[in-house]
1. Sort largest first and round to whole Å: the equivalent ellipsoid semi-axes of segment 80-133, each the square root of five times a Cα gyration tensor eigenvalue.
2. How many nm is it between the label spots at Glu33 and Ala79, if each spot is 7 Å from the Cα in line with the beta carbon?
3. Percent of accessible area on the chain owned by carbon and sulfur, 1.4 Å probe?
4. Can you give the extra length, in nm with one decimal, that the chain gains between Ala72 and Ala105 once fully stretched, where that is 0.36 nm per residue apart less the Cα-Cα distance?
5. Relative to the Cα centre, what is the charge dipole magnitude of segment 1-139, using +1 at the beta carbon of each Lys and Arg, -1 at the beta carbon of each Asp and Glu, and rounding to the nearest 20 debye?
6. Can you compute the charge dipole magnitude of segment 1-50 about its Cα centre, using +1 on each Lys and Arg Cβ and -1 on each Asp and Glu Cβ, nothing else charged? Give it in debye, rounded to the nearest 20.
7. Residue separation times 0.36 nm, minus the C-alpha to C-alpha distance between Val61 and Val1: what's the value?
8. Identify, among Leu66, Trp15, Val29, the residue whose Cα sits farthest towards the positive end of the charge dipole of segment 1-110, taking +1 on the Cβ of Lys and Arg and -1 on the Cβ of Asp and Glu, with the dipole about the Cα centre.
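The values are calculated or read from the model by the stated rules, or taken from the named source; none is laboratory data. This one's a predicted model, so the numbers in the text were calculated from it and none came from an experiment. Using ideal geometry, Cβ is built from the backbone for each residue, glycine included, and neighbour counts are taken over all protein chains shown. Quick note on the areas: whole protein, heavy atoms, side chains included, nothing else; ligands and nucleic acids left out. Shrake-Rupley method; radii C 1.70, N 1.55, O 1.52, S 1.80 Å.
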Amino acid sequence: VIVTVLVLTIVGTPWAIRQVVRYQFVAHVTVLEDRSGADALRRSSELMRGRWWRTAATVVVLNGTLVIVSVAVAVVALAISGGLPLWVFSGLLSLSVAVLAPFVAIVMTLLYGNAVAESEADAEAETGSNDPLGDQSGDLVNV
């Protein structure tokens, strides 16, 4: 609702884009962290801190690739058989999206995991090491 209202005002379009990118991990947070509603929105926005441009670029590249490949499949299908019924053409387009969409979801899940790992590392760095001996190298034996 927030994004729709912002886009409808035309002036709010930059803020709508900002919000869409900030909310990219809402589904991941909801499923993997078992959060709901406003808490998932808050957590997704929290994970975006310092990662907004990387996430925005990744989303644009992934979805752009999905659209370009799907349209290319449709154009090739049209070029090969000009008398193709509309339902076959539509089915090919849908099939190409259905084949590629899981790969987009996988990359977005990896991006979410990276954001969580970096967020936890940042939080750990702020509070200090969890190692009671003070060994920051991670080695079991110091030689």
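1. In descending order the semi-axes read 50, 7, 6 Å.
2. Taking the simple label geometry, Glu33 and Ala79 are separated by 4.6 nm.
3. Its accessible area is 69 percent carbon and sulfur atoms.
4. Numbers: separation 33, 0.36 × 33 = 11.88 nm, distance 2.07 nm.
Gain on extension, Ala72 to Ala105, equals 9.8 nm.
5. Details: 8 positive and 12 negative charges, 199 e Å.
Roughly 960 debye for segment 1-139.
6. On the way: 6 positive and 4 negative charges, 34 e Å.
With Lys and Arg at +1 and Asp and Glu at -1, about 160 debye.
7. Contour length minus the Cα-Cα distance gives 19.1 nm.
8. It is Trp15.
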